[in-house]
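These notes concern the structure reproduced below.
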Amino acid sequence: MKNLLQDVARRAEGYIENLPYRRVGPTPEDLEALEALNGPLPEHPTSADEVLDLLDRYGSKATVASTGGRYFGFVTGGALPATLAANWMAGAWDQNAFSHANSPVAVILENIALGWMTDLFHLSPGTGGALVTGATMANFTGLAAGRHALLQNAGWDVEEKGLFGAPAFPVIVGAEAHPTLYKSLALLGLGRNRVITVPVDDQGRMRADAFPTLDTPAIVCLQAGNVNTGAFDPIAELCKRTHAAGGWVHIDGAFGLWTRIVPDLAHLTDGLEQADSMATDGHKWLNVPYDCGIAFVKNPTALRETMAISAAYLPQTAQREPRDYNPESSRRARGIEVWAAIRSLGREGLAGMIERNCRLTRRFADRLKTGGCEILNDVVLNQALVSFGTPEKTLATVKRIQEDGTCWCGSTVWQGKTAMRISVSSWATTEADIDHSAEAILRCARA
């Protein structure tokens, strides 16, 4: 085991050291070589050394270098040094963060991390929280608590009776709500198509003037950080109007929630403390390894009553047991990495990393605009939308950029316009990465 772990460390070190010099995306040849990992089901054991060698020899070249400094596709953070080390330690510990009985250290670190994030986001003391796989499950968790609360207020126990015969209530979303929000609504039996959709403005923000007059409690889903533009819905105003009707406000803040801790950006989240639940990701702007999502619910009782599990064999304690606040039971101890990220950066370092990503995004957009590209959105965060002309030319340019390998960006269609989407989310990205990538993109555009 000692030699194997030393070999893993050596190979991982080599992979990380090579990130600044390699292609961001794998070549077709690298992908074809993965066939070496295929074959009939092995009948006999293979040594751990050989298994590791196969993974490194064929797998390392076929990865997308998303943890490096020149990956701008989707909203993908890197892995801070402290979080990668914590991830390795957590793997060695192999803890099930189900309860104190399973792993006291996992639960205690999770509780500390949730408390720190409550402080970072200026949420009410005692806010309930859960660490889940990602923003999809974080949205699911917050919306489940909202469904519970609204139906409980209407005299219906949804956990016992289900939705058959339950009182109906409206669900309101913006026209540019993220697809994972619809997925969460579908999983909860609230439906993708029965929602009330509110028009948005030219940056994707829900229009307060088009928001319906509420005369009954509703679940209202707001957005903190549009996935294309980074724009924020008018949280304070819509929270006030929703609560006046006895409704529940849930905020999808997969990455935008983190702007709350940056002094120059905090105004974007004005009113966030009024929301009833919210979702964010750790593997985006906190830069912890995959996977990590976080749900917050202002009323921890609503969260517990939604998620609690009981059985004769489970120890009953007066402590917070993650099993009672989380949709998952057996689960990896992702709180260890969250704790490590916040402990290593502190409030100042975390705010600085986020502010730097936003500044680099503006630099990126300026370089491309100067080079003749069109920037479609107001660059307020870490998202920039770039057009190279016609939809056909834009898609062809994005394809060339991906084939070039200097950086990686994806395409999108936003408000009828085909664009390349840039997201700067990694702690590892530098000004040199931005300038080098901008030069490569302009070269591909000219081609």
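Quick notes on this one:
- Residue check for residue 60: in contact with a Phe, Trp or Tyr (Cβ under 8 Å, 6 or more places away or on another chain), of a type in the set (Ser, Thr, Tyr) and in contact (Cβ under 8 Å) with a residue 40 or more places away in the chain: yes
- For residue 112, the conditions (1) without any contact (Cβ under 8 Å) to a residue 40 or more places away in the chain; (2) of a type outside the set (Asp, Glu); (3) more than 23 Å from residue 28 (Cα to Cα) are fulfilled apart from (1).
- Residue in segment 346-365 that is aromatic (Phe, Trp, Tyr), in a helix (DSSP H, G or I) and within 27 Å of residue 124 (Cα to Cα) present: no
- Yes/no for residue 31 being closer than 30 Å to residue 419 by Cβ and touching a helix residue (DSSP H, G or I) at 6+ places or on another chain (Cβ under 9 Å): yes
- Residue 346 closer than 30 Å to residue 99 by Cβ and crowded, with 21+ Cβ neighbours inside 10 Å: no
- Scanning segment 277-299 finds one or more residues that are of a type in the set (Phe, Trp, Tyr) and more than 9 Å from the chain's Cα centre (by Cα).
- When residue 325 is tested against (1) buried (at least 18 other Cβ atoms within 10 Å of the Cβ); (2) under 25 Å from residue 204 (Cβ atoms); (3) in contact (Cβ under 8 Å) with a residue 40 or more places away in the chain, only condition (2) is not met.
Yes/no per residue for (1) closer than 26 Å to residue 349 by Cβ; (2) surrounded by fewer than 18 Cβ atoms within 10 Å (Cβ to Cβ); (3) polar (S, T, N, Q); (4) touching a Gly at 6+ places or on another chain (Cβ under 8 Å):
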| residue | (1), (2), (3), (4) |
| --- | --- |
| 218 | no, no, no, yes |
| 230 | yes, no, no, yes |
| 258 | yes, no, no, no |
| 261 | yes, no, no, no |
| 271 | no, no, no, no |
| 280 | yes, no, yes, yes |
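- Residue match in segment 51-66 (condition: acidic (Asp, Glu), assigned to a loop (DSSP other than H, G, I, E, B) and at pLDDT 95 or above): no
- Those residues of segment 389-447 which are of a type in the set (Gly, Ala, Ser) and not in a helix (DSSP H, G or I), in sequence order: 389, 405, 410, 411, 416, 419, 423, 425, 426, 428, 447
- Every listed requirement among (1) of a type outside the set (Gly, Ala, Ser); (2) closer than 20 Å to residue 332 by Cα; (3) touching a residue at least 24 places away in the same chain (Cβ under 8 Å); (4) in contact with a helix residue (DSSP H, G or I) (Cβ under 6 Å, 6 or more places away or on another chain) is met by residue 297 save one, (2).
- If you check 308, 351 for being hydrophobic (A, V, I, L, M, F, W, C), over 18 Å from the mean Cα position of the chain (by Cα), surrounded by fewer than 23 Cβ atoms within 10 Å (Cβ to Cβ) and on the phi < 0 side of the Ramachandran plot, only one passes: 308.
- Check on residue 302, touching a residue at least 60 places away in the same chain (Cβ under 8 Å) and touching a strand residue (DSSP E or B) at 6+ places or on another chain (Cβ under 7 Å): no
The values are calculated or read from the model by the stated rules, or taken from the named source; none is laboratory data. Since the model is a prediction, treat every value here as computed from it, not as a measurement. Cβ atoms come from the backbone with ideal geometry, glycine included; neighbour counts cover every protein chain shown.
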